[in-house]
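For reference, the structure is listed below as structure tokens.
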Protein chains: 2
Amino acid sequence: MEHKLEELKARLREIYDLEAIAALLDWDQNTYMPAGGVAARMRQIATLRRLIHEKATDVGLGRLLDALRPYEESLPYDSDEASLIRVARRDYERATKVPADFMAQLSAHASASFQAWTEARPAGDFARVQPYLEKTLDLSRQLAEFFPGYEHIADPLIDLQDYGLRTATVRAIFERLREQLLPIVKAVAARPPVDDSCLYQSFPEQQQLAFTVEVVRRLGYDFTRGRQDKSPHPFTTSFSTGDVRITIRVMENALTAALFSSIHEAGHAMYDQGIDTELEGTPLATGASSSVHESQSRLWENIVGRSKSFWSFFYPRLQELFPEQLGDVSLETFYRAINKVKPSPIRIAADELSYNLHILMRFDLELQMLEGRLSVHELPEAWNARMEEDLGITPASDKDGVLQDVHWYGGMIGGMFHGYALGNILSAQFFDAALRAHPEIIEEMESGHFATLLGWLRENIYRHGRKYTTSELVERITGEGLNIEPYIRYLRKKYGELYGIANF
Amino acid sequence: MEHKLEELKARLREIYDLEAIAALLDWDQNTYMPAGGVAARMRQIATLRRLIHEKATDVGLGRLLDALRPYEESLPYDSDEASLIRVARRDYERATKVPADFMAQLSAHASASFQAWTEARPAGDFARVQPYLEKTLDLSRQLAEFFPGYEHIADPLIDLQDYGLRTATVRAIFERLREQLLPIVKAVAARPPVDDSCLYQSFPEQQQLAFTVEVVRRLGYDFTRGRQDKSPHPFTTSFSTGDVRITIRVMENALTAALFSSIHEAGHAMYDQGIDTELEGTPLATGASSSVHESQSRLWENIVGRSKSFWSFFYPRLQELFPEQLGDVSLETFYRAINKVKPSPIRIAADELSYNLHILMRFDLELQMLEGRLSVHELPEAWNARMEEDLGITPASDKDGVLQDVHWYGGMIGGMFHGYALGNILSAQFFDAALRAHPEIIEEMESGHFATLLGWLRENIYRHGRKYTTSELVERITGEGLNIEPYIRYLRKKYGELYGIANF
């Protein structure tokens, strides 16, 4: 058995390393690659993907996993080795259920669709992408059919992001979340608008970069095992637990772009840096799921990074860096500015509160399309109607409406958005649990110390990597399932204070 | 045949892409990778190398090459397709002659030896590396034995760098070169020393970088298909003909480090950027050999970049950038400073003239060791004696003597150095041929134009990639073989003028 386990680990390590190499190609393409490198880079990535697919679906791997089943069953469920075999089997089954031909077709369609979207979006030309999106919907449904026995057609697609999570569960949670959120957003909208003009001055790039580095280093992002670069769209990528990099976008006329993208990505990155090094080189050396990963970027960005405690420490430092711009702006004014609620047609420009409504809408529209209750050609109208209903705004054109996000145009409908809102819900559940264990966390933040919080997150979430599913993890930590109450409580308290509303 | 050729190209493209990916991993490691990434990076490179070896030695590839032999023979020798099949067969035969086990042993030894060297060098501790070097010598000889039928044991090792080149040929050329060089170096040494203190002032990094970018862009290095970064040791690396990157080292207190490393690497890079895009993705899409590649870095660095014509254009611009440092330094003084001949114990600090003597010594010592006429433990003494004989200096310690270069300590003795001196010889042969075709090149340089020279090099050398061997290429271009006369003529003229010596 020893020998078989070693062989399994060697095979999985090779797949892990090839995945990491593919991630480096992608990082390079988004940071430093000259324009002339595009054609070869696409070929290199395709070559690697083909090799990874071969290795991940090799029958020898399947036989090993079968042979190791009795050994796995003899071990505790959450031992490293049982978890390794369990998760590797899950990946293998997923990979082998979908024929290579279909994956190639999906991938080719994804490229063509993405290309069409890059042309359609600036022009607000939905008709341009409609046939692509229709095919995407068709392929997404076909993909689901490779996993028969589902309750809801979206289940297999959500499962790809959050193993074991059901559409029915998410839908029920999101319905309650929307019920609770709408009155809060409406009450806040009725209050006088906040002046956030202090954020929109000229902030030289070099100082912004220096500040973000200082902030995320203090939060606990380890620069000896990572680095921060600029890219058109911020992201986090991991080549090993020893090399987890973040990228940010800097806007000289808007202070928040670099700042919050840096904290957001550092949240993802501290998760990956916190994975037990014993899991290095295995499929366990990544986050539990897309929603748990998002819970960490959100926890650090919003619950920590947009809190009064955080800024009572960092704001004087920010004022020192930008004396002309912020010298006369009070902490209170700044704090209110970075938390200003103002419904926007654009998801990524949305405030913490209304952001969720963008996600819930996308989730519902995905389901309606997959269920066959909404045709692709009806999508723009449905989108705009829901925006009006939930946020009281109608996008000026499809450019700022149904065409704004790349997700559906990158080749898949289903499972693309739920993680963003689940991440918010989970961030509050986890932060609550951390506070129960360490009430001193708030005071520590006020003095610029984050080690207790980070230590708790590492101990309870990060080190486990992908051992547990989303549900298992939240159950282990909170003793209950997914629950919106902590998040709603957090929002009511914060925005009640900010907008002087005693009762929503 | 069509189908077989397509299959061959697909296999070769995969190998090419995997090699390019390995090169990216290396580039990243030398430029931006955080320290924490080292362990995984070594694993990733080993994984890729293993895959490349599998693909490069696959019996299916061998069968294809056999099947394509009649087709190859039906085509003109220098057609793209005949060349592709010919060069691919050469690579395949080389790769399959050496057992994978031996390669693994060599590679493991190379790592261990390199590690020992990094510790031994700062301490000048030759005894520390002696046993490693003895094993390296042994393995190098064993490697040669996998290619039976050689004339000289170094032949197969030189052949790895310069296909078809024999030890006897190189030895004869180098003996004549040394005979001619020694009197020139001695005559120059007898002249009053040149004052080059203008180069050793404080030159802020940002301006140095800006200047190097301006220079190499004007020479013809295409930044849309490349970029320049900093690294501890300058190098050029190519991920496709559309993405050829250079790195340089900047020293704030020595102007020449960044400047000439940038021009040197740009010479390599313009070669790779000039390869016919039709050859992209094949084993032909690289330089002809290590010596031809070096001829291009040397041609641009020395013949162009250290010429009076070049500086009559660029020096005023350099003075503008550094008015305090160079405002009062005349072009003549600067030109003499960058061409100062001053024998140094260190190869990479050597001037254009004495540099060659460093290489000839290393070449001779390699042969003596491979022939069994020199034991590893006698190497430091032999090194120092030759330095004294040729340059009149003895290194203060082995740190600045036999331990200074990584080459032998990276796992191989034989074929490591000859390319540097052959490159010098070839640079003059090629430049002479270019001048014969376009005498206006000199005047164009004086007005900052290099397109005629670059165009000629592209047409005659770069576009062909690896179609021709070193000898074939020099024969095609000059109508003769390797010949030191143009190089000696160039040195006599340049250093005769610089040092006021009418007759060497």
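Throughout, read-outs are computed from the coordinates displayed, never taken from laboratory work. These numbers come from a predicted model, not from an experiment. Counting neighbours? That spans all protein chains shown, and the Cβs are built from the backbone with ideal geometry, glycine included.
Observations on the model:
- Cα-based shape type of the range A:1-108, given that a ≥ b ≥ c are square roots of the gyration tensor eigenvalues and the cut on a/c is 1.5: prolate
- Among residues other than B:Ala20 with Cβ under 12 Å from its Cβ, the summed charge is -4 (Lys and Arg +1, Asp and Glu -1).
- The charge dipole of the protein assembly as shown, taken about its Cα centre with unit charges on the Cβ of Lys, Arg, Asp and Glu (plus for the first two, minus for the last two), comes to roughly 200 debye.
- B:Ser74/B:Gln142 FRET efficiency (R0 41 Å; Cβ-Cβ; nearest 0.05): 0.60
- In nanometers and ordered shortest first, the copy-to-copy spacing of the A:Pro204 label point, defined 7 Å from Cα toward Cβ, is 1.1.
- For the protein assembly as shown, the spread of Cα positions along each principal axis, largest first, Å: 100, 68, 57
- Distance violations [Cα-Cα > 27 Å] among A:Lys230/B:Lys230; B:Lys97/B:Lys135; A:Lys97/A:Lys230; B:Lys399/B:Lys493: A:Lys97/A:Lys230; B:Lys399/B:Lys493
- Each Lys or Arg adds one and each Asp or Glu takes one away; over the other residues whose Cβ falls under 12 Å from the Cβ of A:Asp125, this sums to +1.
- The three principal axes of the C-alpha atoms in the range A:323-466 carry coordinate ranges of 54, 46, 24 Å, sorted with the longest axis first.
- Square roots of five times the Cα gyration tensor eigenvalues for the range B:423-504, Å: 24, 18, 9
- What separates the B:Gly62 label point from its copies, with the point 7 Å along Cα to Cβ, is 3.1 nm, written shortest first.
- Principal axis box of chain A, alpha-carbon based, largest edge first, Å: 67, 50, 50
- Lys, Arg +1 and Asp, Glu -1 on Cβ, resulting dipole of chain A about Cα centre, debye, nearest 20: 280 debye
- Separation of the range A:236-251 from the range B:1-44 is 21 Å, based on Cα centroids.
- Percent of C-alpha pairs per 10 Å bin, the range A:186-251, short to long: 17, 37, 23, 18, 5
- For the segment A:225-234, counting C-beta atoms of other chains within 10 Å of every residue's C-beta and taking the mean gives 1.
- Sorting B:340-347, B:255-262 by their mean Cβ neighbour count within 10 Å, with the most densely packed peptide first, gives B:255-262, B:340-347.
- Counting only other chain Cβ atoms within 10 Å of each residue's Cβ, the peptide B:235-247 averages 4.
- Separation of the range B:264-282 and the range A:133-148, taken as the distance between their Cα centroids, equals 44 angstrom.
- Estimated FRET transfer efficiency (A:Glu205, B:Leu331; beta-carbon r; R0 41 Å; 0.05): 0.60
- Sorted peptide list for B:298-305, B:274-281, B:182-189, A:192-199, criterion being average Cβ within 10 angstrom, highest first: B:298-305, B:274-281, B:182-189, A:192-199
- With helices as the sole contributors, the protein assembly as shown gives -20500 deg cm²/dmol at 222 nm; each DSSP H run of n ≥ 4 counts as -39500 (n - 2.57), and the sum is divided by every residue.
- Using a 7 Å projection from Cα along Cα-to-Cβ, the label point at B:Lys340 is separated from the same position in the remaining copies by 6.1 nm, smallest value first.
- Each Cα pair under 8 Å and six or more residues apart adds its separation to the average, and for chain B the resulting relative contact order is 21 percent.
- Loop-located GluC sites (Glu not before Pro) across the range B:135-224 with a Cβ neighbour count of 15 or fewer within 10 Å are B:Glu151, with loop assigned by DSSP.
- A Cα-only calculation for the range B:260-360 places Rg and Dmax at 16.8, 52 Å.
- The reciprocal of the average 1/r between distinct C-alpha atoms defines the Kirkwood hydrodynamic radius, which for the range B:124-264 equals 19.7 Å.
- Rounded Å value of the spacing that divides the Cα centres of the range A:397-453 and the range A:472-499: 12 Å
- One decimal place: the segment B:Glu6-B:Ser375 gains 127.8 nm when fully extended, by the rule 0.36 nm per residue minus the C-alpha distance.
- Peptide A:18-28, shielding by other chains (average Cβ, 10 Å cutoff): 4
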